[in-house]
Amino acid sequence: MQSRRSFRSLTRLAAVILSIAVQLYGQHVLPPGVSEVRPPLKKPYATTPLLPEYKNEPAIYITNPKEREIYRLRFGSDGLIYDAAGHRFDTTNAVRIDEHGVKAYLKFAMFVMDAKGDFYASNFQEVRVFHHSSLVAGGEVAAAGELQVIDGKLEFVNDRSGHYRGTPEFTEQALERLGRLLPPGTIESLREKNKILVGEFYRKRSQ
């Protein structure tokens, strides 16, 4: 209970800081000369719901739009990925805490993509506290999984998510969107290097 309260308090504080930054500097929080890449959609992406067994889970949900904006990734015109503060996103220190309180540093951030093609990610995960579902307040997602990003550069993508067991087609939606947000050839290069894992986690969950 204490960890939930502390996490929520920190999130609200971050939301206030972000709101002040936007008021002072406007929407452009990226480095000078870098603009945000956000291609329009012809139609919303298909979505998949939260699994029924998790709907009454006592986890933290980000319901306030300003708080959720803290987790939205910004894709820069320089080909790099940024966080809400305009810093290069990096998953090096990402932590996952299991049900026993044991921490694991796997260098992956959890992510979801919504129907509008926006990505939300967190370097913090904790069982029964903060999950993929937390980022969208238990709502539907167009994709869910994990990212590895080093100094703003996408290095790895998978479909690991226990709360949204979408078929590989949903992850492919995210990859298609990333292909439009990042420099041409980025996704193709990662596929060639076996840095994109789609379907394995889905098959394991379905067995």
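The numbers here are math on the coordinates, done by the rules we state, and not lab data. Everything numeric in this text was worked out from a predicted model, so none of it was measured. So basically every Cβ, Gly included, is an ideal-geometry build from the backbone, and we count neighbours across all protein chains shown.
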Whichever lysines have a C-alpha closer than 19 Å to that of K116, once near sequence neighbours (fewer than 8 apart) are set aside
K42, K43, K66
Please list the radius of gyration and Dmax for the stretch 110-179, considering alpha-carbon atoms only, with Å as the unit.
11.3, 33
Between K66 and A85, the two model label points (7 Å from Cα along the beta-carbon direction) sit apart by a distance in nm of 1.8 nm
Tell me, H87, H131, H163, H100 in order of fewest to most beta-carbon neighbours within 10 Å?
H100, H87, H163, H131
Over the Cα atoms of the stretch 18-137, how large are the radius of gyration and the largest Cα-Cα distance (Dmax), in Å?
15.7, 46
Can you compute the label reach from S35? Point 7 Å from Cα along the Cβ direction, backbone N cut-off under 18 Å, restricted to the stretch 168-193.
180-184
Spin-label model distance (nm) - K153 vs L51, 7 Å beyond Cα toward Cβ
3.5 nm
Semi-axis lengths, Å, the stretch 75-142, gyration tensor of Cα atoms, sqrt of 5 times eigenvalues
22, 17, 8
Note down the nm distance, to one decimal, between modelled labels 7 Å out along Cα→Cβ at S189 and at H100.
4.0 nm
